[in-house]
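The values are calculated or read from the model by the stated rules, or taken from the named source; none is laboratory data. Here the structure is a predicted model, which is why all the values come from computation and not from measurement. Quick reminder, even Gly has a Cβ in these numbers, built from the backbone with ideal geometry, and neighbours come from all protein chains shown.
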Amino acid sequence: MNYYVGRDGRAVQGLQMINNKKYYFGNDGTFYSRAVPGKPTYFSQWDGRWSGTWFNGGTFGATGCVPSTIAMIMNGSYGINTTPRDVADRLGGASMLYGASGRDLVRMVNSFGYATRNLTTPAQVKDDLRDGYPVIFLINLGIGHPVASYGNIDGNTEVFDSYNHQFCNGGTQWMV
């Protein structure tokens, strides 16, 4: 069994870079073999491959923000080869008349064998982003709209808006 300690002789914790690879360690120095998530892959809900298809009350271009956001994370962060259209098809029926809800988002993520976690404090959000986990924010545009975010470098996170970056520019960084 391998144990990793820092220069201070204490067990390392959290996300660590060892030989240019990311590893995650528990509070007692325990090595977790799960892969550390990576950066989401950008998908637009307006991509011509699926934007004209139907999704719960409208065309995918208009209603497909939730499955597009999930596809970004499943692809880039967890290495699962899927498209926004594939994610929408996994849902079956949505719980709303137009688009998809937060409850539907959880069902989509669960369909891949992953769990979601509700982050209730700014510290939890900062910690998850710092540790390499993607975080979904629901922004209020008159209706809820999810955006994926990734990374926490000096309090900035990269934002991925599936609506062709209309609400958040592709390079936008939010302070967290």
field: Scan of the stretch 86-132 for residues that are farther than 30 Å from GLY58 by Cβ, touching a Leu at 6+ places or on another chain (Cβ under 9 Å) and assigned to a loop (DSSP other than H, G, I, E, B), ordered by number
entry: ASP131, GLY132
task: Determine whether LEU91 is farther than 15 Å from PRO134 by Cβ and surrounded by 19 or more Cβ atoms within 10 Å (Cβ to Cβ).
output: yes
message: Considering only the stretch 163-174, I want to know if a residue exists there that is closer than 20 Å to GLY38 by Cα and in contact (Cβ under 8 Å) with a residue 60 or more places away in the chain.
response: yes
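Every residue, every condition in (1) modelled with pLDDT of 90 or more; (2) of a type in the set (S, T, N, Q), yes or no:
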site: LEU91; (1), (2): no, no
site: TYR98; (1), (2): no, no
site: LEU119; (1), (2): yes, no
site: GLN124; (1), (2): yes, yes
site: ILE153; (1), (2): no, no
site: PHE160; (1), (2): yes, no
site: HIS165; (1), (2): no, no
site: ASN169; (1), (2): no, yes
site: GLN173; (1), (2): no, yes
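Have a look at SER101, SER68, SER111 and point out the one that is under 17 Å from HIS145 (Cα atoms), in contact with a helix residue (DSSP H, G or I) (Cβ under 9 Å, 6 or more places away or on another chain) and without any contact (Cβ under 8 Å) to a residue 60 or more places away in the chain.
Going through SER101, SER68, SER111 in turn, just one is under 17 Å from HIS145 (Cα atoms), in contact with a helix residue (DSSP H, G or I) (Cβ under 9 Å, 6 or more places away or on another chain) and without any contact (Cβ under 8 Å) to a residue 60 or more places away in the chain: SER101.
Conditions tested, residue by residue: (1) in the same structural domain as ARG49 (by TED's automatic domain parsing); (2) under 14 Å from GLN45 (Cβ atoms); (3) charged (D, E, K, R).
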position	(1), (2), (3)
MET72	yes, yes, no
ALA100	yes, yes, no
ARG107	yes, no, yes
PRO134	yes, no, no
LEU138	yes, no, no
ASN152	yes, no, no
SER162	yes, yes, no
query: Among GLY64, GLY57, GLY52, which is the only one that is in contact with a strand residue (DSSP E or B) (Cβ under 6 Å, 6 or more places away or on another chain), modelled with pLDDT of 85 or more, surrounded by fewer than 16 Cβ atoms within 10 Å (Cβ to Cβ) and assigned by TED's automatic domain parsing to the domain that holds ASP86?
result: GLY52
